[in-house]
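Worksheet: the structure to be examined is printed underneath.
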Ligand SMILES: Nc1ncnc2c1ncn2[C@@H]1O[C@H](COP(=O)(O)OP(=O)(O)O)[C@@H](O)[C@H]1O
Ligand SMILES: [Mg+2]
């Protein structure tokens with residue numbers, strides 16, 4: 001089943017091509033739309049809502065043509081805009097009831113649905129306070145609640161984690177996942193952060209400069225590799241357990257690398273190529289011989305951000321290339337993800353810095 005379909009969709013403003021012959025099919029579930037600032041994400045959402053005309057090509061949402069059925073689409077779809085758009089002097093309850101009424105719900109149903117959705121987004125206690133006094137996280141939740149209140153089949157969430165700290169971001173991503181798992185609503189969620197959607201989304205679409213770079217299921221993006229990540233404890237005898245393990249493995253003819261991926265725990269993880277089952281046994285025996293504790297031994301998955309690292313960098317790390325990303329993807333991603341290539345903190349590493357607007 002196709003929820004969103006676009007066919008050679010282009011949107012040109014006088015001075016910029018916001019979308020460039022975009023063709024894609026999106027099914028039910030949670031889909032991430034990822035791209036640097038200026039990539040065309042918000043433009044695409046406005047077109048899909050039937051609010052902005054296309055220059056060329058076609059798009060359909062829930063089988064309805066965006067050019068002719070905008071009203072019907074907006075009845076069935078919820079929309080959480082990117083920018084702050086909330087009236088400061090009314091409470092969350094008043095605002096969300098108003099939006100529910102605008103969507104055609106009768107007064108009693110509007111009040112009931114408002115209470116339910118505000119509870120779902122975790123705003124129940126504060127629901128009678130004026131929105132003006134809310135934190136950014138609370139405002140994002142009000143925006144999410146009004147997108148859900150009329151019980152849509154599909155929601156478009158435009159950068160819902162903007163302005164949130166890491167904890168707030170995780171909470172919001174958890175809420176978004178539950179919009180689908182608890183209510184069966186399909187979700188299209190945008191982000192300029194490559195990495196943050198991989199735990200939340202079933203499918204990820206990456207656009208750059210209005211062009212489609214890649215559309216695939218999250219598991220295809222993050223295929224397991226033959227790389228084994230091993231983490232051990234330190235002991236009195238071996239205060240640097242990781243170093244001792246690396247040396248012992250090298251003594252047994254196993255080549256190892258450090259986890260230089262800029263990921264949490266980097267430096268405490270030893271990576272090695274697991275050619276066969278025997279490698280697992282060998283690691284277990286070596287760890288036992290050293291008298292260390294084995295914290296973790298797992299097949300490594302790619303992170304989405306790694307898929308967009310440059311070829312040279314992949315080569316330098318000795319990592320196998322991920323999931324068949326093409327050179328042009330790497331090139332395009334390199335241009336758009338200067339920050340992603342830097343192996344800093346996870347969040348910073350995943351930030352698709354410097355979009356077209358910034359270039
Ligand atoms: N109304 C508009 N008029 C002219 N240019 C626009 C308009 N809206 C967006 N753009 C341009 O289109 C491009 C895509 O913008 P947008 O869809 O907002 O990107 P994103 O949401 O991915 O950050 C940008 O270069 C932006 O400056
Ligand atoms: Mg945007």
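General observations
- Per-peptide average of other Cβ atoms within 10 Å, ordering 178-184, 48-54 highest first: 48-54, 178-184
- Segment 4-221: relative contact order in percent, alpha carbon pairs under 8 Å with at least 6 residues between: 29
- Taking a ≥ b ≥ c as the square roots of the Cα gyration tensor eigenvalues, segment 224-301 comes out oblate, since a/c reaches at least 1.5 and a/b does not exceed b/c.
- When peptides 11-17, 30-36 are sorted by average Cβ neighbour count within 10 Å, with the highest value leading, the order is 30-36, 11-17.
- Span from the segment 269-285 Cα centroid across to the segment 189-222 one, whole angstrom: 31
Throughout, read-outs are computed from the coordinates displayed, never taken from laboratory work. For clarity, every value in this text was computed on a predicted model and none was experimentally measured. For neighbour counting, all protein chains shown are included, and Cβ atoms are generated from backbone atoms with ideal geometry for every residue, glycine included.
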